Amino acid sequence: MTASTELETMDRLTCEAFLANGSVGRLAVVVGGAPHIVPVNYVAEGATIVFRTAPGTILTEASLRQVAFEVDGIDEHHRAGWSVCVHGFGREITDALDAETRHLRDLFVDCWAPEDRDRWFKIIPQSLTGRYLNPSRRKSGRQ
């Protein structure tokens, strides 16, 4: 019997719950025509992602660009895992004065990287998707 897996799609509320329980994800942004994927500490408010960074980092390139943000969990032994992806638009919110932005900047983002991380950004979600990959209890057609 060959091990097989089942792929299940998550609903929006489940995706948001996985985002809320995480603290490290990966931000994908295209800079100079080349894609870059960078790990980042974050906090989620629904599907909106908030992070801080220092001036001059690749993360500052997310402002005013299409971006993707991904979090996941993997169990290699059981060939299982999950992944949630937010596709959206990056926006710097460091100096914004509206009530929503003030609220987002009050959220706690535990930055692991050294230096002052005083530039605030959010990802405005345009789509949110998630999937589970679970071991199947069914027998595979291969022997």
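What follows draws every value from the coordinates through simple rules; no lab data is involved. Keep in mind that this is a model prediction, so the values were computed, not measured. Backbone-built Cβ (ideal geometry, glycine too); neighbour counts: all protein chains shown.
The calculated FRET efficiency for Thr5 paired with Arg26, based on their beta-carbon distance and R0 = 30 Å, is about 0.85.
Fully extending the segment from Asp75 to Asp106, taken as 0.36 nm per residue of separation minus the present Cα-Cα distance, adds 7.8 nm.
Counted residue by residue at 0.36 nm each, then reduced by the alpha carbon distance between them, the extension gain from Asp95 to Asp118 reaches 7.2 nm. Dividing the summed helix terms, -39500 (n - 2.57) for each DSSP H run of n ≥ 4, by the number of residues in the chain produces a 222 nm estimate of -3500 deg cm²/dmol to the nearest 500. Neighbours of Pro55 by Cβ distance under 15 Å: Lys/Arg scored +1, Asp/Glu scored -1, total -3. Descending by average beta-carbon neighbour count within 10 Å, the peptides 86-95, 106-115 line up as 86-95, 106-115, the highest first. The charge dipole of region 5-135, taken about its Cα centre with unit charges on the Cβ atoms of Lys, Arg (+1), Asp and Glu (-1) only, comes to about 260 debye. Rounding to the nearest 10 and keeping the result within 0 to 90°, find how far the Cα-based axis of helix 12-21 lies from the longest principal axis of the chain. For helix 12-21, the angle is close to 70 degrees.
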